[in-house]
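Below: the structure, in structure tokens.
The values are calculated or read from the model by the stated rules, or taken from the named source; none is laboratory data. Small disclaimer: the values here were computed from a predicted structure and weren't measured. Glycine gets a Cβ as well: all are built from the backbone with ideal geometry, and neighbour counts include every protein chain shown.
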Amino acid sequence: MTTTLLKPLLTAIVALSLISAFSGSALASDWSNLDKKKQTRLGLYMTADDAYKHTMANMEKTLFVDTRTPSELNYLGAATVMDAHVPLVFMDTTAWDDKKHRYKRAENKNFVSDVDAVLKKKGLGKDDTVILMCRSGKRSAKAADMLADAGYTKVYSVVDGYEGDKAKDGPDKGKRTVNGWKNSGLPWTYSLDKDYMYFTK
């Protein structure tokens, strides 16, 4: 078989194996015990691993959005398959949250319209697959509900997010070492692409 015929065949085999792996895991997952803060009205979820496999197999028909703050991407890196960075919230350095021991968050009032813009730029519509990822799956769930209210029909929230959930016991108790994009060994980088980053207007 010639090299010109072999390359498309190998690409097709890889794509089919990724689709098979995705449908065998994401669709079979039981989300009935999912933390209430991670649940969405559409009820569509993926693990970080599912999201990677789905995106790689359906890159042209999927919009992958990171909803974390600019600081999170700047210092913790980002998934290499990300189509756009659209923060759900920003850090409000004028206010402090005494209960959570951190700066308060300010809502991104343009979130839905910003996602609309990147969806249109990719040539997709509100019935195409949108995957949202935050740090651990709570902000992405809230963002998914906002998009559902705006008419989106296939919005998936990555339930374990970029950093994963906190360990409940052991030497890493309280640290995000359980699951998530980075802990799953999925591709990510500190070298951010300016074209995919979010700039306030």
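Of all positions in the stretch 93-108, none carries a residue that is in contact with a helix residue (DSSP H, G or I) (Cβ under 8 Å, 6 or more places away or on another chain) and surrounded by fewer than 17 Cβ atoms within 10 Å (Cβ to Cβ).
Just one of the numbered conditions (1) on the phi > 0 side of the Ramachandran plot; (2) in contact with a Gly (Cβ under 6 Å, 6 or more places away or on another chain) is not true of Gly170: (2). Pairing residues of the stretch 63-90 that are in contact (Cβ under 8 Å) with a residue 24 or more places away in the chain and within 19 Å of Thr129 (Cα to Cα) with residues that are among the acidic types (Asp, Glu) and assigned to a loop (DSSP other than H, G, I, E, B), at Cβ distances under 8 Å and at least 6 apart in sequence or on separate chains, gives Leu63/Asp83; Leu63/Asp128; Phe64/Asp83; Val65/Asp83.
Looking at Lys138, is it basic (Lys, Arg) and touching a helix residue (DSSP H, G or I) at 6+ places or on another chain (Cβ under 6 Å)? Here the answer is yes, as Lys138 does meet what is asked.
When restricted to residues that are assigned to a loop (DSSP other than H, G, I, E, B) and either of a type in the set (Gly, Ala, Ser) or surrounded by fewer than 12 Cβ atoms within 10 Å (Cβ to Cβ) (or both), the stretch 166-186 contains 7.
Set side by side, the residues Ala48, Ala79, Ala84, Ala57 differ, and just one is at pLDDT 90 or above, surrounded by 14 or more Cβ atoms within 10 Å (Cβ to Cβ) and in contact with a Gly (Cβ under 7 Å, 6 or more places away or on another chain), which is Ala48.
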